[in-house]
Every structure is written in structure tokens, then in C-alpha cells.
1. To the nearest 0.05, what FRET efficiency results for residue 100 and residue 192 with a Förster distance of 35 Å applied to their C-beta separation?
2. What number do you get for region 94-190 when its Cα radius of gyration is normalised by 2.2 N^0.38 Å, N = residues?
3. With the cut-off at 1.5 for a/c, could you classify region 31-110 from its C-alpha gyration tensor as rounded, prolate or oblate?
4. Given the peptides 168-174, 142-148, arrange them by the average over their residues of other C-beta atoms within 10 Å, most packed first.
5. Say R0 is 30 Å: what FRET efficiency, to the nearest 0.05, do residue 137 and residue 51 get from their beta-carbon distance?
6. Considering only C-alpha atoms, what is the centroid distance from region 133-163 to region 44-77, in Å?
7. One-quarter of the Cα convex hull surface for region 72-149, in nm²?
8. Where in region 131-164 does the amide nitrogen come within less than 17 Å of the point 7 Å from the Cα of residue 175, taken along Cα to Cβ?
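Every read-out reported here was derived from the displayed coordinates using simple, explicitly stated rules and does not represent laboratory data. Remember, predicted model here, so these are calculated numbers, not experimental data. As a convention, Cβ positions derive from the backbone with ideal geometry for all residues, glycine included, and neighbour counts pool all protein chains shown.
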């Protein structure tokens, strides 16, 4: 069954002589739903578009694919975001290597419901009476599913750690850069 699906998706290569082989090029794939910025719909939206792109728009340029996706982004405040993206594309301020890269950025921008819940949980996380090791492990667990990029993770980590350690790190001559550096340096200060 898997092999037959792969043959169908590959455009019928090797399907000659099988019943229905002439119909391979006419596979119907449902067009994705409109996206209106509803966080709970972003994951389904992205998945639907990936499927459609791979099967119906595989030969189109990346720019054409991105514009086609944008035509399905409609409603309320998401229209402002779409206009900004279109302007950035026209002015060559941003360029996507693939339509999937664009979809990934869209998912990060609007996040799924689970990512939103994790981001809120991350925002509430504070070291309090925990050791830095305990705080760091809890932070890593929640951060994995937050959808945050490194720069935002660093900001949330700094915000959540106890003030004395944060001050020492912020006042250091050579501040940590990456989130891993922040973890290591904070742990070292906590042990002293």
C-alpha cells in the first residue's frame, strides 16, 4: 500500500500497466482552508499547504508558492501582517529559500495553541527558591515546546532567574551570548 501511495505521489512512475494508472496526474487534493490567525488552526494550515505544495505546485517558483500561500491568509489583523510580508518581498528585504521556510516562519509568527500555552508557561517561570540547576532543567523542558527562538529564550531566562545572579551576569565584562552560555555561567555563579 505504501509503495502504491509513493507511486501515485511520484506522478505515476512505474505505474504503467496498473489499473487506473492514467488517472495519476489527476489526483484531487483538497485546497487548504483560509488562515485567519486563529492559533489553534496554524498547525493544520501549515500541514495542508505543505501537502498541496508538494503535489500541485511543485514546479512553481518559491516566490510564486509564497504568494499563493499568502492569497489564503485573510481576515482581520492577519491582513496587516500579509501586507507587511508582501512589501518586504517586493523590496527584497526578505527572501525565502523555500515555501516550507516561509510556512515555518508563519507558524513561528502565529504559533499553535500548544506553543502559545508553553510560551505563557515559560513567561511565568521563575527561579524563586530553586537551585539554578533545578530552574534550568525546568526552563529547558518548557522552552522546548514554546516555539521561541534563541534570543527570546535568553530574555526569558534572564527574566526568570533570581535578581542577584542576573545582576552579576549583566554587569560582567564579557556577557554570555547563547542560551547555553547563559546556562553555564548562571550555574557557576549559583554554585559559588
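1. Details: r = 46 Å, r/R0 = 1.31.
Calculated value: 0.15.
2. After normalising by residue count via 2.2 N^0.38 Å, the value is 1.21.
3. Oblate, because a/c is 1.5 or more while a/b does not exceed b/c.
4. Listed from highest to lowest mean packing, they are 142-148, 168-174.
5. E(calc), rounded to 0.05, equals 0.20.
6. 33
7. Details: hull surface 28.0 nm².
Mean projected area of the Cα convex hull: 7.0 nm².
8. It comes to 150-164, nothing else.
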